[in-house]
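Everything on this sheet refers to the single structure shown next.
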Amino acid sequence: MSIPMQIGTVVVLPGEAKRGGIPINGDMYGRAREIPIIVYRGVEAGPTLWINGATHGDEPEGALSIFKLLAQLDPTQMKGT
């Protein structure tokens, strides 16, 4: 049996990719906020890599390059997260 991995609101098993978020403080109106994340977990244990983009809202190339990379990844063929 595989042990689920949880990062923020995302719970993934080996070979899965899921979207969710990391909860942060609410906005000035008290609404809940979260940092969106996508987690790809390989079928085998291995290293963990965090890729961060869209730090500056007027620079789309970081987020665009991440989405292009994710389009090519298959978590069933990966090691690590």
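The values are calculated or read from the model by the stated rules, or taken from the named source; none is laboratory data. Bear in mind that the values here come from a model prediction, so they are computed numbers and not experimental data. No Cβ is skipped: glycine too gets one built from the backbone with ideal geometry, and neighbour counts run over all protein chains shown. With ligands, DNA and RNA removed, areas are computed over all heavy atoms of the protein, side chains included. Shrake-Rupley method; radii C 1.70, N 1.55, O 1.52, S 1.80 Å.
Test Asn52 against the criterion of being under 14 Å from the mean Cα position of the chain (by Cα) and either at positive phi or open to solvent by 100 Å² or more (accessible area, probe 1.4 Å) (or both), and give yes or no.
yes
Please verify whether Gly20 is surrounded by 11 or more Cβ atoms within 10 Å (Cβ to Cβ) and in contact (Cβ under 8 Å) with a residue 60 or more places away in the chain, treating the condition exactly as stated.
no
I need the full set of residues from the stretch 1-13 which are open to solvent by 40 Å² or more (accessible area, probe 1.4 Å) and modelled with pLDDT of 95 or more, in order please.
The answer is Pro4, Met5, Gln6, Ile7, Thr9, Val11, Leu13.
Counting only residues that are farther than 23 Å from Phe67 by Cβ and in contact with a Gly (Cβ under 6 Å, 6 or more places away or on another chain), how many does the stretch 23-35 have?
Qualifying residue count, the stretch 23-35: 1.
Taking the residues in the stretch 16-32 that are over 14 Å from the mean Cα position of the chain (by Cα) and among the small types (Gly, Ala, Ser) as candidates, determine which candidate is nearest to Glu44 (Cα to Cα).
Ala32
What residue, among those in the stretch 38-81 that are aromatic (Phe, Trp, Tyr) and either in contact with an Asp or Glu (Cβ under 9 Å, 6 or more places away or on another chain) or assigned to a loop (DSSP other than H, G, I, E, B) (or both), is modelled with the lowest pLDDT?
Trp50
Could you tell me whether any residue of the stretch 24-37 is outside any helix (DSSP H, G or I), loosely packed, with under 11 Cβ neighbours inside 10 Å, free of Cβ contacts under 8 Å to residues at least 40 places away in the same chain and of a type in the set (Ser, Thr, Tyr)?
Among the residues of the stretch 24-37, at least one is outside any helix (DSSP H, G or I), loosely packed, with under 11 Cβ neighbours inside 10 Å, free of Cβ contacts under 8 Å to residues at least 40 places away in the same chain and of a type in the set (Ser, Thr, Tyr), which makes the answer yes.
When both residues are 6+ apart or on different chains and their Cβ atoms are under 8 Å apart, which pairs have a first residue that lies in the stretch 59-81 and is under 15 Å from Val39 (Cβ atoms), and a second that is among the hydroxyl-bearing types (Ser, Thr, Tyr)?
Every condition considered, the pairs that remain are Leu70/Tyr40; Leu73/Tyr40; Pro75/Tyr40; Met78/Tyr40; Gly80/Thr48; Thr81/Tyr40; Thr81/Thr48.
Quick check on my filter: what residues within the stretch 50-69 are touching a Ser or Thr at 6+ places or on another chain (Cβ under 8 Å) and over 16 Å from Arg19 (Cα atoms)?
Selection gives Gly62 alone.
Here are the criteria: (1) in contact with a Gly (Cβ under 6 Å, 6 or more places away or on another chain); (2) in a loop (DSSP other than H, G, I, E, B). Tell me which single one Gly20 does not satisfy.
(2)
Residues of the stretch 25-49 being closer than 20 Å to Ala63 by Cα and of a type in the set (A, V, I, L, M, F, W, C), which ones?
Within the stretch 25-49, Ile35, Ile37, Ile38, Val39, Leu49 qualify.
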